[in-house]
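The values are calculated or read from the model by the stated rules, or taken from the named source; none is laboratory data. The shown structure was predicted, so the numbers you read here are calculated from the model rather than taken from an experiment. Neighbour counts run over all protein chains shown; Cβ positions are idealised from the backbone, glycine included. Protein only, heavy atoms only, side chains kept; ligands, DNA and RNA dropped before computing areas. Shrake-Rupley method; radii C 1.70, N 1.55, O 1.52, S 1.80 Å.
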Amino acid sequence: MKINFIGGGNMARAIIGGLKQNGLDMTAITVLEPNAQKRTELTHEFNVQVTDAYAGFKNSDVIVLAVKPQQLKEVCASLAPVLGSQLVVSIAAGVRSKDISRWLGNYPAIVRVMPNTPAQIQAGISALYAMPQVSEIQCEQANLILAAVGKTLWLKDEAQMDAVTAISGSGPAYVFYFIEALQDAGIALGLDAEASKLLALQTFAGASQLAVHSHEDIKTLRAQVTSKGGTTEQGILSLETADIKAIVSKAAKAAADKSVQLGDQLGV
């Protein structure tokens with residue numbers, strides 16, 4: 001499988017790194033990157049081919065659009081003339097597949113992806129949506145590429161991407177926010193900053209791993225920690241009094257609404 005990336009930024013590097021770790025021949029990857037220093041870095045780090053032009057794209061199997069959403073329309077104008085039967089995979093946040101297709105002259109073979117930042121350590125989750133004309137083999141190709149950086153989830157309805165953006169796309173920021181809050185709470189209770197950070201990080205990491213590997217649902221796991229009349233019960237009661245679940249739901253709704261708005265703006 002020959003893969004061409006347009007853009008050599010953090011997410012492209014994460015995917016290339018994951019593919020390398022999974023044993024893909026790096027000579028099968030070409031990265032179009034206009035910045036000369038980044039081209040040098042990509043060659044040194046991954047031994048991939050680099051270019052600053054679209055020559056050779058006609059021979060690729062998959063083209064990954066890894067540029068900023070605001071650049072995508074211009075990129076599509078340059079890419080359209082070299083398209084034949086390649087699969088186009090977009091990881092540009094917020095831009096809908098129908099708009100990418102239109103910018104590419106109504107090109108049908110498009111998979112839209114919403115990855116998240118833990119992909120940088122191959123611990124991400126990517127939601128994928130394939131336009132109706134994408135073949136089963138092309139879906140497998142897209143899945144292989146994104147599975148290199150974590151779990152994959154296929155959507156039947158692209159409209160669900162706004163919810164995905166709110167939960168897993170924006171979700172790492174919510175997690176960091178809660179870790180930050182736990183760290184600040186520890187300091188307020190008399191711990192030094194390093195001890196509080198270590199406790200917050202390891203508690204969150206350990207609890208997350210326990211949830212991933214446990215056969216119990218999340219509510220049951222929480223109940224197992226919350227002994228009646230104990231310290232945890234008092235903490236949970238405080239969170240429930242503040243209606244934290246409603247606050248989290250409101251935050252996710254705000255993020256999803258913004259995703260819809262950006263999709264409308266970017267698709268013009």
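Every residue in region 153-172 that is assigned to a helix (DSSP H, G or I) and open to solvent by 50 Å² or more (accessible area, probe 1.4 Å), please.
Answer for region 153-172, where residues must be assigned to a helix (DSSP H, G or I) and open to solvent by 50 Å² or more (accessible area, probe 1.4 Å): 159, 160, 163, 167.
When region 202-220 is limited to residues that are surrounded by 12 or more Cβ atoms within 10 Å (Cβ to Cβ) and not in a helix (DSSP H, G or I), the one that is farthest from the chain's Cα centre (by Cα) turns out to be 216. Against the conditions (1) surrounded by fewer than 16 Cβ atoms within 10 Å (Cβ to Cβ); (2) more than 13 Å from the chain's Cα centre (by Cα), where does residue 123 fall short? Just the number, please. Residue 123 satisfies all of (1) surrounded by fewer than 16 Cβ atoms within 10 Å (Cβ to Cβ); (2) more than 13 Å from the chain's Cα centre (by Cα) except (2). Evaluate region 261-268: report whether one residue or more is surrounded by 13 or more Cβ atoms within 10 Å (Cβ to Cβ) and small (Gly, Ala, Ser). Scanning region 261-268 turns up at least one residue that is surrounded by 13 or more Cβ atoms within 10 Å (Cβ to Cβ) and small (Gly, Ala, Ser). In this structure, residue 60 does not qualify as within 30 Å of residue 163 (Cα to Cα), among the hydroxyl-bearing types (Ser, Thr, Tyr) and in contact (Cβ under 8 Å) with a residue 12 or more places away in the chain. If you go through region 87-115 and keep only what is within 14 Å of residue 142 (Cβ to Cβ), touching a residue at least 40 places away in the same chain (Cβ under 8 Å) and part of a loop (DSSP other than H, G, I, E, B), you end up with 91, 115.
Looking at residue 84, is it in contact with a helix residue (DSSP H, G or I) (Cβ under 7 Å, 6 or more places away or on another chain), surrounded by fewer than 16 Cβ atoms within 10 Å (Cβ to Cβ) and not in a helix (DSSP H, G or I)? It is true that residue 84 is in contact with a helix residue (DSSP H, G or I) (Cβ under 7 Å, 6 or more places away or on another chain), surrounded by fewer than 16 Cβ atoms within 10 Å (Cβ to Cβ) and not in a helix (DSSP H, G or I). Within region 221-244, restricting attention to residues that are farther than 19 Å from residue 185 by Cα and of a type in the set (D, E, K, R), which residue is nearest to the chain's Cα centre (by Cα)? The residue in question is 222. Taking residues in region 120-131 that are at positive phi, and partners anywhere that are in a strand (DSSP E or B) and surrounded by fewer than 23 Cβ atoms within 10 Å (Cβ to Cβ), the pairs with Cβ atoms closer than 9 Å and at least 6 places apart or on different chains are 122/150.
Within region 194-231, being among the basic types (Lys, Arg) and more than 16 Å from residue 183 (Cα to Cα) holds for 219, 222, 228.
Can you pull out every residue in region 172-193 that is closer than 22 Å to residue 209 by Cβ and of a type in the set (D, E, K, R)? Correct list: 180 only.
When you check residue 175 against the structure, is it more than 13 Å from the chain's Cα centre (by Cα) and either open to solvent by less than 70 Å² (accessible area, probe 1.4 Å) or under 30 Å from residue 258 (Cα atoms) (or both), yes or no? In short, yes.
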